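Right, one structure below, let's go through it.
The values are calculated or read from the model by the stated rules, or taken from the named source; none is laboratory data. None of the values given here were measured: they were computed from a predicted structure. Counting neighbours? That spans all protein chains shown, and the Cβs are built from the backbone with ideal geometry, glycine included.
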Amino acid sequence: MKKLIEIIDLKKNYYVGEVTVHALRGINMTVYEGEFVAIMGASGSGKSTMLNIIGCLDKPTEGNYILDGVSMAELNRNQLATLRNMKLGFVFQSYNLLPRTSALDNVELPLLYNSSVRSRERRNRAIKALESVNLSDRMDHKPNQLSGGQQQRVAIARSLVNDPVVILADEATGNLDTRTSFEIMALFQQLNRNGKTIVFVTHEADIARCATRNVIFKDGLILKEVEVKDRIDALEMLASIPVDQDI
């Protein structure tokens, strides 16, 4: 099985005045191609710091991070930005959509930074991405014309448009009700079945049970890693929730 993410003795310190905050204290972790990994932990456990480093949004204080065979320590800021755009797809809790822009234009956005993709191909790839998340009838809608779940689907389509090697999700169901959360998790599970590698940060135990492996963080360390034996099928959960009722 191919290693897509290798984290080697990774540490991250933040400095607040004279105080040193040890956000990560020596993490070793591997994510293999085709996995669906949920990173769990209480607030302040280091899980979001870990995701920011995996997403090349932050750099470790010590240690090494290898993505798809390339050491991040050897890349400058421009190289990191290019790699981030080409290899990684991001889905955030707050969607991060441009408010005055259509769903289609929002999804096209990452391709604007890829000079090898012409305008017609950009449009076609964005249309295909929106179709893959069942939003072909909402392409011209702006975010304020979409529900929270639909906005998150647009964000997922945007994360897919560059065909990344890994999708990174940070509390992607945090702003959604229970039914919509499982609709989004059903979509992530479908993407994973289609071969996408997913790293998903969450503090919700039932959401983490939709993944194939859980990595639990505590105080900047990995407390334990567990294969999910009682995995939730999000589509089955949806079938048990009335359409007009939350649980």
Which condition does Val161 not pass, out of (1) out of contact with any Ser or Thr (no Cβ under 9 Å at 6 or more places or on another chain); (2) buried (at least 16 other Cβ atoms within 10 Å of the Cβ); (3) farther than 30 Å from Lys3 by Cα, if it passes all the others? (3)
Of those in the range 3-40 that are modelled with pLDDT of 95 or more and outside any strand (DSSP E or B), the residue surrounded by the most Cβ atoms within 10 Å (Cβ to Cβ) is Glu35
Anything in the range 171-195 that is polar (S, T, N, Q), over 13 Å from the mean Cα position of the chain (by Cα) and farther than 22 Å from Gly41 by Cα? List them, or say none. Thr180, Gln190, Asn194
One residue is enough: does the range 142-163 have a residue meeting the conditions closer than 30 Å to Lys11 by Cα and among the charged types (D, E, K, R)? yes
May I ask you to verify whether Lys87 is more than 21 Å from Val31 (Cα to Cα) and modelled with pLDDT of 90 or more? no
Top-ranked residue of the range 83-100 - restricted to ones that are loosely packed, with under 15 Cβ neighbours inside 10 Å and touching a helix residue (DSSP H, G or I) at 6+ places or on another chain (Cβ under 8 Å), ranked as nearest to Asp9 (Cα to Cα): Asn96
Can we say Ile184 is over 23 Å from Ile5 (Cα atoms), buried (at least 21 other Cβ atoms within 10 Å of the Cβ) and either in contact (Cβ under 8 Å) with a residue 12 or more places away in the chain or of a type outside the set (Val, Ile, Thr) (or both)? yes
Restricting the range 57-71 to residues that are part of a strand (DSSP E or B) and touching a residue at least 60 places away in the same chain (Cβ under 8 Å), the one farthest from Asn28 (Cα to Cα) turns out to be Leu67
Qualifying positions in the range 95-115 - of a type in the set (Gly, Ala, Ser) and touching a residue at least 40 places away in the same chain (Cβ under 8 Å): Ser102, Ala103
